[in-house]
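Peer 1: So that we are looking at the same thing, I have put the structure below in structure tokens.
The numbers here are math on the coordinates, done by the rules we state, and not lab data. For clarity, every value in this text was computed on a predicted model and none was experimentally measured. Ideal geometry is used to build each Cβ from the backbone, glycine not excepted, and the neighbour counts take in all protein chains shown.
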């Protein structure tokens, strides 16, 4: 390796070490849960900590019920009904991990909330991976004694709203549809069954998050669709890292988030483009760069990526989300 390339490699390694130190991922594996089991707050502890966040929980000893967040290693993605409220729709956590969180939004148990710990408080939350809960998924897919089967005819939908707070004031809201049958072409209708990234960066600096759920299927006592969802890899910022000061330049990448084709437009000469995943692994390296470049990312895993652009201005970093 030449001296110049070695210097570039060391610079990139240092850059990503800074970025990774500036993030903490709550993957819930620290909670040491036995296989095919769950925790629902019956110890009356009021919640649990993973990463740099506290996940709230309320437990009712009279009715043996809970609200807020539980965590689970349950693997039953098939059984319908209330008895299977702790499983994800695909029976595992993100990237085949063992443990994940389960959220239950209940009007009778207080807010379903996440409070950031001191190191992350007042910073940007990157986002998290979401999946349907098996109870909710099977209810929407087939209907049950309380809720209807979702259909395109009825333009059904099921939505999670994440509300950001900073010092008691709402910063913004991000909506994510766990099911959507409102399309003119019914073949586009879906019920989420795979882990999907939810980008929360638009909420800005926050110290807490509150979750609400809504559905097209409602009755006398409120929403009929079971108000559960699953969460994994909740990602927070800690202190000021490189990602908080992304460089301005004459280079534009779009769309962001992206599903298939990422466009890179530039007005100054570019020598090379490299893309690294959140763990710093090189997933794309392209030296023949044109002023308008298209990059096919459809086979990338969902999540956060960093684009290193080698130009006359030096090495410029851009972030993008793969849906």
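Peer 1: For a quick check, take a GNM of the chain with Cα springs below 10 Å and name the residue from 220, 99, 58 with the largest mean-square fluctuation.
Peer 2: With Cα springs under 10 Å in the chain, the top fluctuation among 220, 99, 58 is at 220.
Peer 1: Specify the residue with the greatest mean-square fluctuation among 268, 73, 139, computed from a Gaussian network of the chain linking alpha-carbon atoms under 10 Å apart.
Peer 2: Ranking 268, 73, 139 by mean-square fluctuation puts 268 first.
Peer 1: Rg(Cα) of the stretch 255-323 divided by 2.2 N^0.38 Å?
Peer 2: Rounded to two decimals, the normalised Rg is 1.03.
Peer 1: Test of understanding: in a Gaussian network model of the chain with alpha carbons linked when under 10 Å, which of 198, 105, 297 would top the mean-square fluctuation ranking?
Peer 2: Answer for the Gaussian network model of the chain: 297.
Peer 1: Does anyone have the angle between helix 3-21 and the longest principal axis of the chain? Alpha-carbon axes, 0 to 90°, nearest 10?
Peer 2: The two axes meet at around 20 degrees.
Peer 1: How do 264, 206 rank when sorted from fewest to most other Cβ atoms within 10 Å of their own Cβ?
Peer 2: 264, 206
Peer 1: If you don't mind, there's one more thing I want to ask. Could you rank the peptides 285-294, 61-70, 42-51 by their average count of other C-beta atoms within 10 Å per residue, with the highest value first?
Peer 2: Per-residue Cβ counts within 10 Å, averaged per peptide and sorted highest first, yield 61-70, 42-51, 285-294.
Peer 1: Something else about it: Roughly how large, in nm² to one decimal, is the mean projection of the convex hull of the alpha-carbon atoms in the chain?
Peer 2: Approximately 18.9 nm², given one-decimal rounding.
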